[in-house]
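Data block below; observations after.
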Amino acid sequence: MREGIRALRRERQQASSNKSSSPGKGSGSPRGAPSRLRLWLRRIFRWGLGLAVVGLVALGVAVGIAVQRMPSFEELKKSPAGQTIRVRAADGTVFLSLGPNYGRWLSLGETPQVMQDAMVAVEDRRFRYHPGLDPVGMARAAVFAVENYGTGRRMQGASTITQQLARNIFLSNSYTWARKAREMILALALEWKFSKDQILELYLNKVYFGGGSYGIDAASNSFFGHSATEMSLSEAAVIAGLVKAPSRYSPTADAQAALGRADVVLDVMVDAGVITHAQAEAAEPANVQLAKETGQNSARYFTDWALPQLDMLIDEGSEALDVYTTIDLNMQRAATASIQANTPPGVQGALVSLDRDGAVRAMVGGRDYVTSNYNRATQALRQPGSAWKLFVYMAALEAGYKVDDPVVDEPVTINGWSPRNSSGRFAGTMDLRSAFAYSVNTVAAKLGDEIGFSAVANMARRFGITTPVNTHPSMVLGSAEVRVIDMTAAFAAVARGGVSVQPYGITRVTTASGELLYQRPAERGSTLVDPWVAAGITDLLQTAVNTGTGRAAQIGRPVAGKTGTTSSNKDGWFLGFSSGLTTGVWMGRDDAKPVGGLQGGRAPAKAFADYMRVAVARRPVEQFDTEVVLPEWQLEDEGEAYLGEPGEEGMLVDENGMPIELPYDSRPPDSFGTPPAVEAPVLDQQWIEEQTGRRPPANGGGGQPKVISVPKAPPPQVRVPPPRPAPVEPAD
């Protein structure tokens, strides 16, 4: 029984095996291949579905994390990228913005509807409908990529407004797949956390529009001169067209390109249905009035000098700043025009103008800032020529000279150096005033030799010359190198009555919200010379303009100044003051080569006059105080001034009460009777310097003071003489 059953099973198995292997044995079943294909397809589908689920979960986690870490709407409003510095002129006008420029934050309700429609139409027409990523736009970008494969052109048209916002706030503009992936995640997070209106508001206030302007309000103020709340349809089209390529379409870079792009934006708005054909035709972007550029070319010389001083005035920070300066834009324009109009071809020029307290009202460092931003007003070191005689004559006046004292223009040799006048002649005896007015070199050399070249150098140091000053005899004719701003400050100190003047350009600094960070304190200045010395040199400076080498600087009101010309006409100067304003002008070549015909009394003096006529036009006419009130030691007899009154035990004292040791045979008699009526000894400057060791003895020692005759005279009243025939030809 059991064996029968087993045999039956074997027969069935054998029959089944024969049935499956009989047709086409060894070649495989034709139904096997489709079965295996379906199997692989099912496997691929399952794996793909699994990966998609994992990817979606990972994407969801990434977006969720991004949402958790993302700042709030209010925090995003307060996070500008970079520090903005707005530089204001003396009247408060903003004439230069540095760094990113953010305007007033505008809510979506304050933003004109035409601006919203223009931006959405041209940048992301399906903005209101997609979740941050636009599938249609991505498909179009993919087609573009396939069609332009190998051409090097980037994929475009895929970024939504939300993606652009994510890139502007959180990412850089680097073109990598990793950055693109992060951009997509952040875009989805933005859409998850904020409403469409909030995203659009952030976008309109954060996106870059060129010219340093971020946000529509900053762009509108920069390009049209008014707030974005007043924007018209044509202006909105101009602004919306900038996002694609801000540097290319910026009105400040290419006005025609910006207006041409606006026409394209209007056509897109018509196609999107947000405006009609009639509205587009009526807009006429070509008639848009662009704001005039207020940041003057030459004013950058001033800001390059002034703004680095912020590091010393305030602490570092990232807040937007308003920097209030001393610059007067009308004076700056006049200064620029005067330099450009009077500077000879191929020659550079510089001008600095200071108010009576040192406030810089105008500064020009060259003919054109764009061509050369080298500031010759504050950086260049040039020889001042005869303008240096300001210090020579002030030292002489301080030493006791008076403006009417006689001097002799004659050949002179000092330590082997023989100065000569530019006229080539010698005029003989003249007064000190004429020698200064006609810039007589021999007289200046003799004065320097007599009072001491170190005294001249000391006077220059007192008046703010910080560059190296030598004490060679030729230094009296301006062989030392100086800066224009330093020389101008020295003349301003004279105009202030001998009180120091420190040039400054910043008056106060505030944050954008008005918080005061710095306020310049009032400075009284230090007395550099006595008022009678300042009055005497002002007399000389005024005469130089009235009748001397500076006649071209006359402007119809009192002017005091001095010309300067270096050897071979390499440098030309004029420095002077009138009505509380002091201005210095320099001209020359950067390579210090000679310039034919360049003299301080010509082009520089004319530039000074052209500028000053405009600069002081609204200022009252001021007469100079040139009446010299001499100190007592100069009013009394010179013998008494040097020797003083006899003290106890016959001791002699000087004007400061200090004892004077005289040789034994020069002491007064011990008796109380009247001394013999003989000519009294007078200690002159040379004898004092020999006795104190500042000058080697002229005759190998000795120690005897010189005996000279000193006539008594009433105190002099210095006055400005009327024009008279020049004793010599004008010379620098």
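With (1) hydroxyl-bearing (Ser, Thr, Tyr); (2) modelled with pLDDT of 75 or more; (3) loosely packed, with under 13 Cβ neighbours inside 10 Å as the list, and SER17 as the residue in question, which single condition is left unmet? Of everything listed in (1) hydroxyl-bearing (Ser, Thr, Tyr); (2) modelled with pLDDT of 75 or more; (3) loosely packed, with under 13 Cβ neighbours inside 10 Å, SER17 misses just condition (2). Of the candidates GLY548, GLY525, the single residue that is at pLDDT below 95, buried (at least 19 other Cβ atoms within 10 Å of the Cβ), not hydroxyl-bearing (Ser, Thr, Tyr) and not in a helix (DSSP H, G or I) is GLY548.
Check whether at least one residue in the stretch 568-583 is assigned to a helix (DSSP H, G or I) and in contact (Cβ under 8 Å) with a residue 60 or more places away in the chain, and report yes or no.
Within the stretch 568-583, the subset assigned to a helix (DSSP H, G or I) is 568-569.
Keeping just the survivors that are in contact (Cβ under 8 Å) with a residue 60 or more places away in the chain gives none.
No: the stretch 568-583 contains no residue that is assigned to a helix (DSSP H, G or I) and in contact (Cβ under 8 Å) with a residue 60 or more places away in the chain.
In the stretch 409-499, which helices (runs of 4 or more DSSP H) lie fully inside it and hold 1 or more residues that are among the small types (Gly, Ala, Ser), in contact (Cβ under 8 Å) with a residue 40 or more places away in the chain and over 27 Å from ASP355 (Cα atoms)? Lay out the reasoning, then the answer.
Values: elements: 432-437, 441-451, 453-462, 484-495.
In the stretch 409-499, 432-437, 441-451, 453-462 are the helices (runs of 4 or more DSSP H) which contain 1 or more residues that are among the small types (Gly, Ala, Ser), in contact (Cβ under 8 Å) with a residue 40 or more places away in the chain and over 27 Å from ASP355 (Cα atoms).
Among the residues of the stretch 213-248, just one is modelled with pLDDT under 85 and buried (at least 24 other Cβ atoms within 10 Å of the Cβ), namely SER213.
Give the stretch 159-182 a look and list any residue that's in contact (Cβ under 8 Å) with a residue 24 or more places away in the chain and more than 15 Å from GLU123 (Cβ to Cβ), or say none. Let's see the steps before the verdict.
Just the residues of the stretch 159-182 that are in contact (Cβ under 8 Å) with a residue 24 or more places away in the chain, to begin with: 159-166, 168-169.
Hit for the stretch 159-182 is ILE169, nothing else.
Among the residues of the stretch 83-105, are any over 30 Å from ALA359 (Cα atoms), part of a helix (DSSP H, G or I) and not hydroxyl-bearing (Ser, Thr, Tyr)? Looking for residues that are over 30 Å from ALA359 (Cα atoms), part of a helix (DSSP H, G or I) and not hydroxyl-bearing (Ser, Thr, Tyr), one finds none in the stretch 83-105, hence no. Only one of the numbered conditions (1) among the basic types (Lys, Arg); (2) under 29 Å from PRO131 (Cα atoms); (3) without any contact (Cβ under 8 Å) to a residue 40 or more places away in the chain is not met by ARG248, and that is (2). Restricting the search to the stretch 377-397, which residues are farther than 23 Å from GLU481 by Cβ and surrounded by fewer than 18 Cβ atoms within 10 Å (Cβ to Cβ)? Within the stretch 377-397, none qualify.
With the requirement that a residue be buried (at least 23 other Cβ atoms within 10 Å of the Cβ) and among the aliphatic types (A, V, I, L, M), what does the stretch 249-269 give you? Listed by number, the residues that qualify are ALA258, ALA262, VAL265, LEU266, MET269.
Being among the aliphatic types (A, V, I, L, M), modelled with pLDDT of 75 or more, assigned to a helix (DSSP H, G or I) and buried (at least 22 other Cβ atoms within 10 Å of the Cβ), is that true of even one residue in the stretch 146-161? Looking for residues that are among the aliphatic types (A, V, I, L, M), modelled with pLDDT of 75 or more, assigned to a helix (DSSP H, G or I) and buried (at least 22 other Cβ atoms within 10 Å of the Cβ), one finds at least one in the stretch 146-161, hence yes.
State which residue is surrounded by the most Cβ atoms within 10 Å (Cβ to Cβ) when the search covers only the stretch 309-322 and only residues that are closer than 19 Å to GLN502 by Cα and aliphatic (A, V, I, L, M). For the stretch 309-322, the residue satisfying everything is LEU310.
Looking across LEU165, LEU200, LEU188, LEU171, one residue alone is of a type outside the set (Asp, Glu), crowded, with 24+ Cβ neighbours inside 10 Å and closer than 24 Å to HIS130 by Cα. It is LEU165. Comparison of ARG248, ARG261 shows that the only residue that is assigned by TED's automatic domain parsing to the domain that holds THR111, within 19 Å of GLN164 (Cα to Cα), out of contact with any strand residue (DSSP E or B) (no Cβ under 7 Å at 6 or more places or on another chain) and part of a helix (DSSP H, G or I) is ARG248.
Every listed requirement among (1) modelled with pLDDT of 95 or more; (2) of a type outside the set (Lys, Arg); (3) outside any loop (DSSP other than H, G, I, E, B) is met by ALA641 save one, (1).
Look at VAL403 and say whether it is among the aliphatic types (A, V, I, L, M), crowded, with 24+ Cβ neighbours inside 10 Å and over 17 Å from GLY576 (Cβ atoms). Judged against the criteria, VAL403 is a match.
Looking at the stretch 346-361, can you tell me whether even one residue there is at pLDDT 95 or above and among the hydroxyl-bearing types (Ser, Thr, Tyr)? Yes, because at least one residue in the stretch 346-361 is at pLDDT 95 or above and among the hydroxyl-bearing types (Ser, Thr, Tyr).
The values are calculated or read from the model by the stated rules, or taken from the named source; none is laboratory data. Not measured: the values here are computed from a predicted model. Glycine also receives a Cβ, built like all others from the backbone with ideal geometry; neighbour counts cover every protein chain displayed.
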